[in-house]
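Below: the structure, in structure tokens.
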Amino acid sequence: MSASPNACVLVVDDEPDLRTLYELTLLREGHEVVSAPDLAQAREWLGQRRFDVLITDMRLPDGLGLELLRELAAQQRNEKSIVITAYGSAENAVEALKTGAFDYLTKPVDLKQLRAAVNAAIQGQRHPLATTLTRAPLNDAAGRSAPPPPGGVKALERIVGTSPSMVQIRGRIEKVATSMAPVLILGESGTGKELVARAVHECSHRAGGPFVAVNCGAIPDNLIEAEFFGARKGAYTGATQDRDGYFQAAKGGTLFLDEIGDLPLGMQAKLLRVIQERRVRPLGGVQEEGVDVRLVSATHRDLAALVKSGEFRQDLFYRLNVIGLRTPALRERREDLPELVQALLQRICSESGYATPALSDDALAWLRSCELAGNVRELENLLQRAMALSSGTTLQAHDFTDHGEGDGDRREAPAPLAPVAHQDSADPVGPGIPADLQIFLDEQERQVLLKALKECDFNRTAAATRLGLNLRQMRYRIQRLGITMPSDDDDHA
């Protein structure tokens, strides 16, 4: 029995056998089903009653199924539409999503996917916004359970600002969240693209599923296929057991592909096929597995320019860019600075347990004068540093600079880390040419991280700030490089 019984579904297809198959499948799920062989009869049904879901073939004897979608949109009706397209017809699928379809299926239709799409559409129709966080935990890039945003604050509420661009992006998030259409988020580094992606997830009917975030530029080329699609035991050296990939980890939820512009060309072709066929084959596997994820991608790079230079596939760009969102740079919304500073200070202090300081007028003026090329990420780092240097309950302008005027006891800004000397002992081939480049680079990174941690008394947050990383990135590197920490106490001094 369906999780959402007693829904009413209209099926439009000119092939009697397929109509019967869809009807029987949905009747077994507990839905009420009526059918039509063409647009004319479908319009008659739509004129007589309301439906929860409309399933229509793309090509019908008297026109295109997209005509029904446009008519429903013009009449401001609430039916969620699922379009059935021919095998490999990528253009039709994208056009359907841009026209307002909730989802699409390709022929031959997988009945399991049909049931899942219909139930998801019903949930989206009856619960258009699902923004609470009393759900399954979020997941990190490896599919492991990750904590919700600090204090349980919803991602949409953390998109702060009353400037026109921020009001527009919040409104767009609520609209795009109600479909399965892929979303492409463009914007400079530090503008909150992942926060927008989380908000799309939390506002959607998939909010109860996992949110898996993947940095496409941080995965070694030789592991990328296994990381995305999973691997079977024995598929490669070291594969001692079956393991799921990002697509399997995000089942029923959202897969966020951050820095999609850094994805290698070979992997772009494989990702395109997965998007089109909705199926993946794990590395070393024989059987394909169905994919049940919503894709949200982001990049700070100009994908259109990458397409022209041949560095990014045009067909993949076309598939990912069904719905576009743009996160504005901080210099484009300076009027949001006071509200944004206050929100950041509250979040920083809630994480560290400190009382939230006030911000003086001269400090705000100093921040307004900064270029802030790193956007919100740079602003947050400045606030964290000022709080560390401040000795009062109000942040002053001199707390943001290297030396406070008239305050000889004030701490200086941390000096840049000295470069780590090359260790010739790890270089059996000859000076400057390591035998294993990856091992050599890992060791250099390990030494830099150890130096930063020691100079910051093993405070991971402070060390991360010194290195221009966020805490999540710092923790990842500590774990990957096997760095032993003296204790697992709180990261905040």
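Can we say LEU24 is open to solvent by 10 Å² or more (accessible area, probe 1.4 Å), under 27 Å from LYS251 (Cα atoms), among the hydrophobic types (A, V, I, L, M, F, W, C) and assigned to a helix (DSSP H, G or I)? So LEU24 fits the description; yes.
For (1) touching a helix residue (DSSP H, G or I) at 6+ places or on another chain (Cβ under 9 Å); (2) of a type in the set (Ser, Thr, Tyr); (3) open to solvent by less than 20 Å² (accessible area, probe 1.4 Å); (4) on the phi < 0 side of the Ramachandran plot, each residue gets a yes or a no:
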residue	(1), (2), (3), (4)
ARG279	yes, no, no, yes
PRO282	yes, no, yes, yes
ALA305	no, no, no, yes
GLU332	yes, no, no, yes
GLU335	no, no, no, yes
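ARG43 - would you say it is over 18 Å from GLU79 (Cα atoms), outside any strand (DSSP E or B) and among the basic types (Lys, Arg)? Before you say what the answer is, go through the steps one by one.
Working: over 18 Å from GLU79 (Cα atoms): no; outside any strand (DSSP E or B): yes; among the basic types (Lys, Arg): yes.
The answer is no for ARG43.
Whenever a residue of the stretch 459-475 is open to solvent by 40 Å² or more (accessible area, probe 1.4 Å), its partners that are of a type in the set (Asp, Glu) and part of a loop (DSSP other than H, G, I, E, B), lying with C-beta atoms within less than 8 angstrom and at least six residues away or across chains, give the pairs LEU471/ASP491; ARG472/ASP140. The residues in the stretch 158-180 that are at pLDDT below 90 and more than 16 Å from PHE211 (Cβ to Cβ) can be counted, and the count is 4. The residues in the stretch 166-186 that are open to solvent by less than 20 Å² (accessible area, probe 1.4 Å) and farther than 26 Å from GLU95 by Cβ can be counted, and the count is 1. If LEU129 satisfies all but one of (1) hydrophobic (A, V, I, L, M, F, W, C); (2) open to solvent by 10 Å² or more (accessible area, probe 1.4 Å); (3) modelled with pLDDT of 90 or more; (4) under 25 Å from the mean Cα position of the chain (by Cα), what's the number of the condition it fails? It fails just one condition, (3). For the structure I just gave you, tell me whether GLY392 is touching a helix residue (DSSP H, G or I) at 6+ places or on another chain (Cβ under 9 Å), at positive phi and modelled with pLDDT under 85. No: the conditions fail for GLY392. Contact map, the stretch 175-195: residues that are small (Gly, Ala, Ser) paired with residues that are open to solvent by 20 Å² or more (accessible area, probe 1.4 Å) and in a strand (DSSP E or B), Cβ distance under 7 Å, separation 6+ or inter-chain. Pairs shown: ALA181/ILE323; GLY187/ARG326.
Selection of first residues in the stretch 320-337 that are over 14 Å from VAL167 (Cα atoms) and in contact (Cβ under 8 Å) with a residue 60 or more places away in the chain and of second residues that are open to solvent by 50 Å² or more (accessible area, probe 1.4 Å) and acidic (Asp, Glu), restricted to Cβ pairs under 8 Å at least 6 apart or on distinct chains, gives the following pairs, ordered by first then second residue: ALA329/GLU188.
Scanning the stretch 59-90 for residues that are open to solvent by 30 Å² or more (accessible area, probe 1.4 Å) and touching an Asp or Glu at 6+ places or on another chain (Cβ under 6 Å) yields PRO61, ASP62. Restricting attention to the stretch 75-90, the residues that are more than 21 Å from ASP14 (Cα to Cα) and at pLDDT below 85 add up to 1. Candidates in the stretch 237-252 are the residues that are closer than 20 Å to ILE275 by Cβ and assigned to a loop (DSSP other than H, G, I, E, B); of these, the one that is farthest from the chain's Cα centre (by Cα) is ASP244. Just give me the residues in the stretch 60-84 being among the aliphatic types (A, V, I, L, M) and assigned to a strand (DSSP E or B), in sequence order. Hits for the stretch 60-84 are LEU60, LEU64, ILE82, VAL83, ILE84. Residue-level analysis places GLY234 outside the set of residues that are touching a residue at least 40 places away in the same chain (Cβ under 8 Å), assigned to a helix (DSSP H, G or I) and small (Gly, Ala, Ser). Could you say whether any residue in the stretch 91-110 is within 27 Å of LEU272 (Cα to Cα), at pLDDT 90 or above, assigned to a helix (DSSP H, G or I) and open to solvent by less than 30 Å² (accessible area, probe 1.4 Å)? So far as the stretch 91-110 goes, no, none of its residues is within 27 Å of LEU272 (Cα to Cα), at pLDDT 90 or above, assigned to a helix (DSSP H, G or I) and open to solvent by less than 30 Å² (accessible area, probe 1.4 Å).
Please return the ranges of helices (runs of 4 or more DSSP H) entirely within the stretch 260-354 where 1 or more residues are in contact with a strand residue (DSSP E or B) (Cβ under 7 Å, 6 or more places away or on another chain). Give the steps one after another, and end with the answer.
Values: elements: 265-277, 303-308, 314-320, 337-352.
It comes to 265-277, 314-320, 337-352.
The values are calculated or read from the model by the stated rules, or taken from the named source; none is laboratory data. Just so you know, these numbers come straight off a predicted model, no measurement behind them. All Cβ positions, glycine included, derive from the backbone under ideal geometry; neighbour counts span all protein chains shown. For the accessible areas, the whole protein counts, side chains as well, though only heavy atoms, and no ligand, DNA or RNA atoms are used. Shrake-Rupley method; radii C 1.70, N 1.55, O 1.52, S 1.80 Å.
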